[in-house]
Structure formats: structure tokens, C-alpha cells
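Taking it in order: structure first as C-alpha cells, then the write-up.
The values are calculated or read from the model by the stated rules, or taken from the named source; none is laboratory data. Being a predicted model, the structure only gives us computed values, none of them experimental. No Cβ is skipped: glycine too gets one built from the backbone with ideal geometry, and neighbour counts run over all protein chains shown. Surface areas here come from the heavy atoms of the whole protein model, side chains and all, with no ligands, DNA or RNA. Shrake-Rupley method; radii C 1.70, N 1.55, O 1.52, S 1.80 Å.
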Amino acid sequence: MEADSMVQVSAITGWIIGVSHNQDRGYQCWVVNPGLDVLSDGTFYTTSSAAMSAGRSFVERHR
């Protein structure tokens, strides 16, 4: 069974960006928008900073 853990959370007015880690796959970004929808690009990144950057870029494009 794969266990994911939340490793980083950031907030921008109305948005939450989270990064989770899966030991076998890597890091993944999650975004919660002002409508409380949880979104992910489905991509696994090799570093938490790359995943967080992807989440921030998404928010900046959709604010």
C-alpha cells in the first residue's frame, strides 16, 4: 500500500496549495480553489519545490 504524506502547504488569498509526497512516485501539487474544488495536474515531480512552483503557477494563471 502506498502512503502519501503532506509535506508543504501555502496559501494565496482564496487559494490553498499543497504538496504531497509518495515514496514510489515523488511529489505532487494540489490546489484548492475559492469554490473548494481540489485540483491536481496529475504530474509527479522529483522535488517538492518543483511541485510547489507548479501549483503557484496554476494559481497565478487562474486568479
With the 1.4 Å probe rolled over protein heavy atoms, the chain has an accessible area per residue in Å² of 66
Listed residues Thr43, Trp15, Tyr27: farthest to the positive end of the dipole of the chain (Cβ charges): Trp15
Expressed in nanometres to one decimal, the distance between label points 7 Å along Cα→Cβ at Asn22 and Ser53 is 2.2
Per DSSP H run of n ≥ 4, the term is -39500 (n - 2.57); total these for the chain, divide by its residue number, and report the mean residue ellipticity at 222 nm rounded to 500 deg cm²/dmol. -8000 deg cm²/dmol
The size of the Cβ-based charge dipole (Lys, Arg +1; Asp, Glu -1) of the chain about the Cα centre, to the nearest 20 debye, is 260
Considering only protein heavy atoms and a probe of 1.4 Å, how much of the accessible area of the chain is carbon and sulfur, as a whole percent? 51
